[in-house]
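Take a look at the structure set out below.
The values are calculated or read from the model by the stated rules, or taken from the named source; none is laboratory data. These figures come from a predicted structure and were not determined experimentally. Neighbour counts run over all protein chains shown; Cβ positions are idealised from the backbone, glycine included. Note: accessible area is taken over every heavy atom of the protein model, side chains too, but ligands, DNA and RNA are not part of it. Shrake-Rupley method; radii C 1.70, N 1.55, O 1.52, S 1.80 Å.
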Amino acid sequence: MTLPVAIAGLGAYLPANVVTNDDLAEVLDTSDEWIRTRTGIRQRHIAAADEATSDLAAAAGKAALADAGLGIEDVSAIIVATTTPDHPVPGTAPLTAAALGSEAAAFDVNAACTGFIYGLRVGGAMAATGDQAVLVIGAETLTRITDPDERSTRVLFGDGAGAAVLVPDDTASLGPFDLGADGSDPSMLWTAAGGTRTPVTPDVLDAGGNYLSMRGGDVYRNAVARMAGAARHVLEEAGLGVDDVDLFVGHQANIRILDAVGTRLSMPKERTHVTVDQHANTSAASIPLALEDARNAGRLTPGATVLLAGFGAGLTWGACLLTWQPTGGGDGASV
Ligand code: UT7
């Protein structure tokens, strides 16, 4: 199933502060060599003290609207995919909408690192059924929930936001999608406390329960299997082979994960877009940031078939296809 929906514009926001591996090696027992060879990461952007996720989301959303040549009054819904909200209550999307000057429908999607693909599915369906433009934003401030003293997680994550403007368009197609989730073992990758299961107490804070923790090897293995599986499903449903894919934009967590997914799919390396070296893992922001980067690099040519695939906490996973084609809506191209 594909949706008659085009991406009329893309936008990105990366905080100005760039922290290199060498910078981290000054404060943690780690090295540029370890981080690069294990993950492919060279640097990450870190939000300023006065920046929260909705600030990043609004900046990316604004850029995407300008790219589409549309105004905020053209937007009927704002979806923010995030797992690092400004506050437990309310959602981050209403705050983002307010910052953009909108009273349109606004809600969060929390599917962790797969959030942007889930957001495209929900926002695409809204746009396809007659809504005006729908703004789908992936935004994260992961460095706020990462233990500054824990080298095994701190080196992996960065902050940022990417956004796409979806518009109804009978000549366009977004999909098919394959989405899935398995919540039977959430501790594989989670923040243990701060929700209703384990509220924050002084003891919880002492034990670092408010920080992200994971079993890296298990996450790695599941990420490879689930992303490759979801990618295969959407190709099968579309009746396409790997040779038909012009560009693969996967969740940017680790270059070794992207390489392993590519190997499983028999995808030539030169058709995989990589930003993990520059951005590190920005969770729900990673795919829209990579898509915008690929467009800016001239890698999204008219008619190109693009494969997106993501994986994250939950566990959640998903993939979708889109065909890139100019619509004349703004400066940007669209699907
Ligand atoms: O979006 C999804 C979010 N999560 C992920 O994508 C993470 C998926 N997992 C991974 O990317 C990898 O499992 C990691 C990059 C997290 C780890 O790579 P690995 O090759 O699985 O390393 P490891 O966990 O087996 O650790 C190897 C060693 C350990 O030392 P010992 O026990 O062998 O002495 C760690 O203590 O590396 C050590 N280590 C570090 N050393 C230097 C862990 N972190 C660091 C570090 N610097 N930052």
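Things to note:
- Test: residue in the stretch 210-220 that is open to solvent by less than 40 Å² (accessible area, probe 1.4 Å), outside any helix (DSSP H, G or I) and within 16 Å of the ligand (Cβ to nearest atom): yes
- Odd one out for Leu189, checked against (1) open to solvent by 30 Å² or more (accessible area, probe 1.4 Å); (2) touching a helix residue (DSSP H, G or I) at 6+ places or on another chain (Cβ under 9 Å); (3) within 14 Å of the ligand (Cβ to nearest atom): (1)
- Of the residues making up the stretch 110-135, those that are open to solvent by less than 30 Å² (accessible area, probe 1.4 Å) and without any contact (Cβ under 8 Å) to a residue 60 or more places away in the chain are Gly123, Val134.
- Filter result for the condition that a residue is open to solvent by less than 40 Å² (accessible area, probe 1.4 Å), outside any helix (DSSP H, G or I) and within 16 Å of the ligand (Cβ to nearest atom), over Ile41, Ile7: Ile41
- Within the stretch 163-209, the set of residues being closer than 30 Å to Val75 by Cα and in a loop (DSSP other than H, G, I, E, B) comprises Asp169, Asp170, Thr171, Ala172, Ser173.
- Just one of the listed residues (Asp170, Asp178) is within 17 Å of Thr2 (Cβ to Cβ) and open to solvent by 50 Å² or more (accessible area, probe 1.4 Å), namely Asp170.
- Restricting the stretch 44-85 to residues that are more than 17 Å from the chain's Cα centre (by Cα) and surrounded by 21 or more Cβ atoms within 10 Å (Cβ to Cβ) leaves a set whose member that is nearest to Ile117 (Cα to Cα) is Ala77.
- Test: residue in the stretch 287-294 that is assigned to a strand (DSSP E or B) and in contact (Cβ under 8 Å) with a residue 40 or more places away in the chain: no
- Check on Glu33, of a type in the set (Asp, Glu), at pLDDT 95 or above and out of contact with any helix residue (DSSP H, G or I) (no Cβ under 9 Å at 6 or more places or on another chain): no
- For the stretch 14-29, the condition of being part of a strand (DSSP E or B) and either within 16 Å of the ligand (Cβ to nearest atom) or over 27 Å from Val276 (Cβ atoms) (or both) holds for at least one residue.
- Of everything listed in (1) more than 16 Å from the ligand (Cβ to nearest atom); (2) under 23 Å from Thr275 (Cα atoms); (3) surrounded by fewer than 17 Cβ atoms within 10 Å (Cβ to Cβ), the single unmet condition for Leu240 is (2).
- Filtering the stretch 247-286 to residues that are assigned to a loop (DSSP other than H, G, I, E, B), aliphatic (A, V, I, L, M) and crowded, with 24+ Cβ neighbours inside 10 Å leaves Ala253, Ala280.
- Just so you know, in the stretch 264-292 the residues that are more than 8 Å from the chain's Cα centre (by Cα) and of a type in the set (Val, Ile, Thr) include one that is farthest from the ligand (Cβ to nearest atom), and it is Thr272.
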